[in-house]
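In what follows, a single structure is set out as structure tokens and then discussed.
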Amino acid sequence: MTTITQPGPRVSGFSAARQDDIGYCVLADLSNPPTDPWLRLFAARCEAVFSRHTSPDIRWVENKIWFRVPSPDLVGEYARLIVEAATGASADYDEEQRREAERADELARKSHDLDDLLNQVNAALPEWAEVGDLASQGKATG
């Protein structure tokens, strides 16, 4: 059985950070702090989902996604794309954890199989030693 130890973060809400000369700054709250592997997956997903837009300036502030939107009419679209990227990154992250758990299970099974095989070998060792002794005695007398 495979277990995901910590699910990837999801966007749980948005709040305004501030407005500056360049645009509107928005914070996306996350359900839990992101890990480095999740951040890499999120960056890749952002590249994909923002392919038809100018990618916003995206940063991390106290476990939140901070991003700048150039105009108020794009806030909803950019927020939707951030959610899409974060949800996709979390799905990728969860899948990676699931595959890693399966690999660990498989390695544990292989290790157990090897232990069983070596137990059989060790059990046969006295018999092999007797056969070896008989062969040695046969050569000595032959």
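The values are calculated or read from the model by the stated rules, or taken from the named source; none is laboratory data. Note that the coordinates shown come from a computational prediction; the quantities given were computed from them, not determined experimentally. Virtual Cβ from ideal backbone geometry, glycine too; neighbours counted across all protein chains shown. Ligands, DNA and RNA are stripped out before the accessible areas are found, and what is left, the full protein with its side chains, is counted by its heavy atoms. Shrake-Rupley method; radii C 1.70, N 1.55, O 1.52, S 1.80 Å.
Filter region 53-69 down to residues that are part of a loop (DSSP other than H, G, I, E, B) and open to solvent by 20 Å² or more (accessible area, probe 1.4 Å) and give me whichever is farthest from ASP21 (Cα to Cα).
Restricting to residues being part of a loop (DSSP other than H, G, I, E, B) and open to solvent by 20 Å² or more (accessible area, probe 1.4 Å), the top hit is ASN63.
Identify the residue in region 70-93 that is out of contact with any helix residue (DSSP H, G or I) (no Cβ under 9 Å at 6 or more places or on another chain) and crowded, with 16+ Cβ neighbours inside 10 Å and, among all such residues, is modelled with the highest pLDDT.
Only one residue fits best here, namely VAL83.
Of the residues GLU96, GLU100, only one is at pLDDT 80 or above, among the acidic types (Asp, Glu) and either open to solvent by less than 90 Å² (accessible area, probe 1.4 Å) or outside any helix (DSSP H, G or I) (or both); which?
It is GLU96.
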